[in-house]
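These notes concern the structure reproduced below.
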Amino acid sequence: MKTKHYLLIGFLALFFFLIVNIPAAPVYEAVKAKIPQLQIQNIEGSIWNGSAQQITVQSRHVLKNVNWSVCLAHILIAEACVDFDVSYSNNPLSGQISVNISNNIQAKNIETSMTAKSLSQIFPLPLGEIAGNIDINIESLNWTPGSVPAIQGEIQWHDASITIAQTAKLGNVTITLNEPVDNPVNAEITNKDGDLAINGRLSLGENTDYKVDLTLTPRNKQNQNIKNSLSLFAKSGPDGSYTVKNNGNLKQLGLM
């Protein structure tokens, strides 16, 4: 009985050793014709723990200095999972992403930092010119392809400013992405310092319908230039604040 037990342990150890040490490069060469939407350059290491100089997805998204390692615990529950560290549009991006047998995608601890200008180049925004530095920390993301992902996390926009007719300094803006209740995405928006006090909410439904409800209050009520800029897109109130209420669909804006 002990002999069979030791043989089984030895076989499993050998199998695990072989899986861990399968080189990633020849595996990619064998399957790349079947995945033309994915191009990988200069692969090193194993499938289990490796790196690539560059990965291009659908000829549009270019990931550089890619490092990955497979999450062992997820294999035991039939999920493909990797921890990754890459550079995207010259911005650092790291985290964990997994896919289960139903093709549901989950991500955890996604972190990146970039300038506001870089963000507007990656995702064209229906705003004026934005400036500042942005830190993104996504604690969890759950997404079924074809739907809107449910997100929890926080976005910090430092030294924020926006220019429409006049540049308005927004100080440090915090966008808190809450646990979904009735919508996959519910974001609370606040700020500290700057020309305007910001307080409001943005929500995004499963059918990509969005709703924006913001209150913008000039901290210097004598600044006529800021008031003139706000009046271009917001409704003034008797207390000197301006409200932005808008709704629509992201597909109409060309964002999805």
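The values are calculated or read from the model by the stated rules, or taken from the named source; none is laboratory data. None of these values were measured; they are calculated from a predicted model. Note that we place each Cβ from the backbone using ideal geometry, even for glycine, and neighbour counts take in every protein chain shown.
Tally time: how many residues in the range 139-186 are over 17 Å from the mean Cα position of the chain (by Cα) and not in a loop (DSSP other than H, G, I, E, B)? Spell out how you get there, then give the answer.
Filtering the range 139-186 down to residues over 17 Å from the mean Cα position of the chain (by Cα) leaves 158-173, 181-183.
In the following step, the residues that additionally are not in a loop (DSSP other than H, G, I, E, B) were identified as 158-163, 167-173.
Residues that pass the stated criteria total 13.
Collect the residues in the range 219-228 that are of a type outside the set (S, T, N, Q) and either within 31 Å of the chain's Cα centre (by Cα) or part of a loop (DSSP other than H, G, I, E, B) (or both), keeping them in residue-number order.
Here is the first cut: in the range 219-228, the ones of a type outside the set (S, T, N, Q) are 219, 221, 226-227.
Residues satisfying the conditions are R219, K221.
Just to verify a result, which residue in the range 66-83, among those that are assigned to a strand (DSSP E or B) and hydrophobic (A, V, I, L, M, F, W, C), is modelled with the lowest pLDDT? Before you say what the answer is, go through the steps one by one.
Taking the range 66-83 and keeping what is assigned to a strand (DSSP E or B), we get 66-70, 80-83.
Going one step further and asking which of them are hydrophobic (A, V, I, L, M, F, W, C), we end up with 66, 68, 70, 80-82.
Working: V66: 93, W68: 91, V70: 84, A80: 80, C81: 86, V82: 88.
Result: A80.
Of L119, L63, which residue is in a strand (DSSP E or B), without any contact (Cβ under 8 Å) to a residue 60 or more places away in the chain and surrounded by 12 or more Cβ atoms within 10 Å (Cβ to Cβ)? Give the steps one after another, and end with the answer.
Details: L119 fails: in a strand (DSSP E or B).
Step by step, each of L119, L63 is checked, and only L63 is in a strand (DSSP E or B), without any contact (Cβ under 8 Å) to a residue 60 or more places away in the chain and surrounded by 12 or more Cβ atoms within 10 Å (Cβ to Cβ).
If you scan the range 144-153, which residues turn out to be free of Cβ contacts under 8 Å to residues at least 60 places away in the same chain and surrounded by 16 or more Cβ atoms within 10 Å (Cβ to Cβ)? Give the steps one after another, and end with the answer.
Step one: of the range 144-153, the residues free of Cβ contacts under 8 Å to residues at least 60 places away in the same chain are 144-147, 149-153.
P149, A150, I151, Q152, G153, listed by residue number.
Go through I226, I198 for me and flag whichever is of a type in the set (A, V, I, L, M, F, W, C), crowded, with 16+ Cβ neighbours inside 10 Å and at pLDDT 85 or above. Reasoning before the result, please.
Details: I226 fails: at pLDDT 85 or above.
Only one candidate qualifies: I198.
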